[in-house]
Structure formats: C-alpha cells, structure tokens
1. Label-point separation (nm) for residue 357 and residue 453, each offset 7 Å from Cα along Cα-to-Cβ?
2. Over the Cα atoms of the chain, how large are the radius of gyration and the largest Cα-Cα distance (Dmax), in Å?
3. To make sure I understand the rule: partners must be aspartates and glutamates, Cα under 13 Å from the Cα of residue 237, and not fewer than 8 residues away in the same chain. Which ones qualify?
4. For labels at residue 122 and residue 412 in the simple 7 Å Cα→Cβ model, what's the distance in nm?
5. Subtracting the Cα-Cα distance from 0.36 nm times the residue separation, let me have the gained length for residue 398 to residue 247 in nm, one decimal.
6. Zone of residue 420 (label point 7 Å along Cα→Cβ, backbone N under 19 Å): which residues in region 296-322?
7. Using just the helices of the chain, give the 222 nm mean residue ellipticity in deg cm²/dmol: DSSP H runs with n ≥ 4 each add -39,500 (n - 2.57), and the total is spread over all residues, rounded to 500.
8. In nm, what is the difference between 0.36 nm times the number of residues separating residue 258 and residue 378 and their Cα-Cα distance?
Amino acid sequence: MQEYDVIIIGSGLGGLVCANILAKEGWRVLVLEKNKQFGGNLQTFVRDRCIFDTGVHYIGGLLPHQNLYRYFNYLGIADQLRLKRMDEDAFDVISFAGEDIAYPYAQGYDKFVSQLSAFFPEETAGIQRYVDMLKRVCQGYPLYYLSADQPEHDIDEFLHITVYEAIRQCTDNPRLQAVLAGSNLLYAGYKDKTPFYVHALSVNSYIESAWRCVNGGSQIAKLLIRQIRNAGGKVLKQQEVTQLHYTDGLVSAVSTQNGQTYRGKTFISNADPKTTLKLIGDFPIRKTYSKRIRNAADTTSSFSLYIVFERGSVPYANQNFYHFKDEQSVWDSILAHSDSWPAGFMASMSPDVKNPQWAESMSVLTYMAHTEVEQWADTHNTVADEQDRGDSYGRFKAAKTQRVLAALENRFPGLSKHIKKTYTSTPLTYRDYIGNETGSMYGFVKDVKQPLQNYLPPRTKIKNLLLTGQGVNMHGILGVTISAVMTCGELVGQSYLLDKIRKANSL
C-alpha cells in the first residue's frame, strides 16, 4: 500500500491550499473528499442553465499588489481566474425599509469616505476614523500582509471591543452606525459578542478591491486541483473518511466509507473541528481540549433563495444589496425571530452571459437558526445520497420562500413578476454538503468576553494531525487561505513559506 507524506481530509479551500503548498514542496499529497464535487464552500450548482454559488458571492484584495492576489499568485492561479470587478462606486449598498436611499460602499479608502460623506456631510471625520481603525487592525495581523515580523501596531484593544462599540466610537449617528455595520452577513456578527477585528478582517479587503467570479467560485477549486495534480498530488472524490488508525500514538492511516485504507505520515483535517473530534474517537487526548471543541458555539446558519429570472426582464446591477427592516435589524436579524423573519438579507445578481446588461438570476441570503429545521435533522439529502425529507419540509420551505419574496418586493418593487423559478437551501442543505453539525456559516462564534476560547491552533493534541479551514483562525476566502498558510507553516516553517510567497510576487 502506498504511503503518502500528507493525507488531507476534505477538499474545501483550506485543504486544497494546503495540498497545493505541500505538493510544491515535493510532498506526496493525497486529498480525500466525501462529496461528488470538490471545493466545500466553493461548490456551485446549476438550475435552469444558471450557475449558482453556494458560498462565494464576491472576493476582495485581488489587484496585483493586494494580499489575496499575492497568495493566489504564489499558488499559481491568480492570472487564470475569470473575474469581473464590481461597481467601484458602490460594490455594496445598504438600505432600510421605508426609505429610498441606498448607502454605497465604494472601493478605495478615499472614495469610501467621500461616497458615504455625501450622505452624512457632518460625519466625514467619523467615517475617516472608521477607515483608519480598519487599516490599523489589519496591519496588526502579520499574515494579512504576508509578514512574519512583529505587527506594525499593537491591536490588543481591538480584541476586547465589539464591532458595535467600535463603530459607536467613530460616530453617534445611529443611521451611520447601522450603515457601517450593514454588511454584517459577511461574518454573522452579534451585537454583544463579535470583536471588531472580525469585522475589519472581513470587510477591509473588499474596500481595497471587490470582484465577482465569472461563472462561479468553483473555478478556484478546479484551478487549485490542476496545480496539485501537476505537482504530482492526488485528489479523490466520494472518499468519505470514517476512521483514523493509530500506531505508537500517531495517526498512521485513514479508512473511507467505501472500504479503502490510505497510509500517511502526516494528516490534515479540513473537516469541521467537531467532525474531526468524532473521527479521533476514543484516542486519549486532553479532556479540556475535546470539551473546548464540543462546547464551542457555532455561528448561525442560513436560508438561501435562488431565483431564475425571465430573460431580459431585470437590469443587472454589479453590486450586492444589504437590506434591513430598520437600523436595529442590522444586529437583530441574526436572532431570526419567527414573527419578524427575515429582518434583513443580502442579495446579489448574476448577469446573462449573452446579454450582460440583464440579470439572469439572483441569490438571496438570510439568517436561519438550525433549530428551525431540527424536526428533519435525521434526514440527509445530497446529489450522492438523495433522500426525500417529506411533504412537511417542502411546505416549510415554501412558506419561508414567500416571506423572503415579500421582503425582496419591499426592496425591489415589481421584481416578483419577473421571476421564472425559485430554489432554496436551508441549514440542513449546508450541513449535508459542508459537513458541520448545525450548518454553521462561519465556524465558531468569536466572543470579546472570551477572546481565546474559540480560537484553535493548527496543531491538535495528536502530533501528526493538524487542522485547517474556517474553524482555524478566520473564515472567508482570504481568511481560510491564511489559515492554510498557518497550517503548512507548522510543517515547513512559517518564515520559510512566507519568504517563498513574497519571492513569487517579486519576479
């Protein structure tokens, strides 16, 4: 039986980036994916000949000198991505029910300040303070800017202040506060918990530059896999890992659901940390470590509505729409109270390829707690394992669809008459395809009251088993890429790896 230098469990972005890096270093790499499609949150699906993203609605930091571009350039995929830059004057717009104003987020710090200042002329200084805080926090995270050195600024103060409190320090205008927090859905922020650094690391790269993936984010996974295979690595699908085997206190092999066994020297889990803990099984690890993972609170899940439009009926808008019932709903919508649901949503369009002035589809994302679908928790439904969850589940989704459509009609009067067909996903869909217990959108909840409680280092309590993915450090395309670099740095050396990434961008 062939033995691999590293076996990676899961082909989400974190696993694929790790595989790419280690294959470049000459390691014999094997990636095992449980699903029919690679990519985790990078997966796409097709309905009525329209491509829909499951998790990648837009990406930031992809100009040649910016951080994600530099990481992707080292990985060999930056110049192969098919991208469209979003509206530079308003890549995101924030709006509230009962008001016709759409408040813009512009690309570039100076333009961001000037565009919002047009709506809040007395608040220019406060908006500038907000931008300065974003930059200061990001400069305090060395890997954000590919540095192994000490951070440029001490940002300890931002570890212990919530997004809500930080924004209030910039302005006492409640409408501007709500606007600056309006892209909350990017990180599932809680008013009394979410640290400002989570907001800053999520939002900043989009202000630097914001992009859509033409024909979906699955191209990122496909390009990474091509690079891995070109370097001699293997990437296999429909290989769900069900058991770890141990020899002398180390993982020595994994077995899959279809009866295959693969031997390795080092193992990286890109699976959810709670799923990884189940795989570890009865192996003796510190109870405090396992308890910490088991008790970690998951971020909330989502309900997504995927809309196919009648051809040539809805003008395409190259921006994302964040809409709320009122200012308080920017924070309260995450609580997903059934009587007021949905209190907010994010919507993005995809253009018709042949006639790009028209939208062919729209994806709408809103919060939904896993508890809403617990009665169907014993069901499972994927392309590889299709099951019918029953008529009651269908009625539940239909009722939720009508409520989301009503909220959309409030934001876009007359939109409903142009809808050809709709499709939905719930926390159960996300759970089944991504593999976490509750369909969590962004890993564990970060809490200012317990800044280290839900932070997991890449190394586990088993010496040759490491973690990667959104359960480690940060979520999002950039966050997960950085997490993968952290994981691989444990194996090849952090300074060595960052130096190679920097050199790849200086040629």
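Any read-out appearing in this document is the output of simple, stated calculations on the displayed coordinates, not a laboratory observation. Here the structure is a predicted model, which is why all the values come from computation and not from measurement. For neighbour counting, all protein chains shown are included, and Cβ atoms are generated from backbone atoms with ideal geometry for every residue, glycine included.
1. Label at residue 357, label at residue 453, 5.5 nm between them.
2. For the chain, the Cα radius of gyration and maximum Cα-Cα distance read 22.2, 70 Å.
3. Leaving aside aspartates and glutamates fewer than 8 places away in the same chain, those within reach of residue 237 are 33.
4. With each label placed 7 Å out from Cα toward Cβ, I get 3.5 nm.
5. Working it through step by step, the gained length comes to 49.2 nm.
6. 305-317
7. Dividing the helical sum by the residues of the chain leaves -10000 deg cm²/dmol.
8. The span from residue 258 to residue 378 would gain 41.0 nm if fully extended.
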